[in-house]
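What follows is one structure encoded as structure tokens, with my remarks underneath.
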Amino acid sequence: MKRILVIDDEPGIRNLLKEMLEISGYEVLLAANGSEGIAQFKTFQPDLIITDMVMPEKNGIEAIMELKKISPGSKIIAISGGGHIAAEKYLMLASALNVESTISKPFEPDQILAAVQSALGE
């Protein structure tokens, strides 16, 4: 069973992603911010990380950079609030850091599942 770490400061988004991914057959671990996500990554060693960009403590860009240092081959999907200029800039920066894909919020469940399957080579 593939393991996915979801890092997002919004409880509703975390829980939605967890439920959706578990129904699709994945094991899911949650983190509320980048710092917590990095700590979880070190023990959980997920096959894929889905991270929000705008979060307290450590934002998505900082988390991606640190995760790539720890494990250069990490597969990451970046998500961020759609429609905001800052969110678009964060997603552009994430793309520059070679994430598997970027997705704007709000998203459709099918978008996430397609990105997950693509990132995991399924």
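Each reported figure results from applying straightforward, stated rules to the coordinates on display, with no laboratory input. As the structure is a prediction and not an experimental result, all values here were calculated from the model. Here Cβ is always computed from backbone atoms with ideal geometry, including for glycine, and neighbour counts include all displayed protein chains.
Results for (1) on the phi > 0 side of the Ramachandran plot; (2) out of contact with any Ser or Thr (no Cβ under 7 Å at 6 or more places or on another chain); (3) not aliphatic (A, V, I, L, M), shown as yes or no for each residue.
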site	(1), (2), (3)
Arg14	no, yes, yes
Leu17	no, yes, no
Ile23	no, yes, no
Gly60	no, no, yes
Ala63	no, no, no
Ser104	no, no, yes
Glu108	no, yes, yes
Gln117	no, yes, yes
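Please go through the range 95-116 and pick out each residue that is in contact with a helix residue (DSSP H, G or I) (Cβ under 6 Å, 6 or more places away or on another chain) and not acidic (Asp, Glu).
Leu97, Ser101, Thr102, Ile103, Pro109
Give just the number: which of (1) closer than 21 Å to Ser104 by Cβ; (2) among the polar types (S, T, N, Q); (3) touching a strand residue (DSSP E or B) at 6+ places or on another chain (Cβ under 7 Å) does Asn59 not satisfy?
With (1) closer than 21 Å to Ser104 by Cβ; (2) among the polar types (S, T, N, Q); (3) touching a strand residue (DSSP E or B) at 6+ places or on another chain (Cβ under 7 Å) applied to Asn59, the lone miss is (3).
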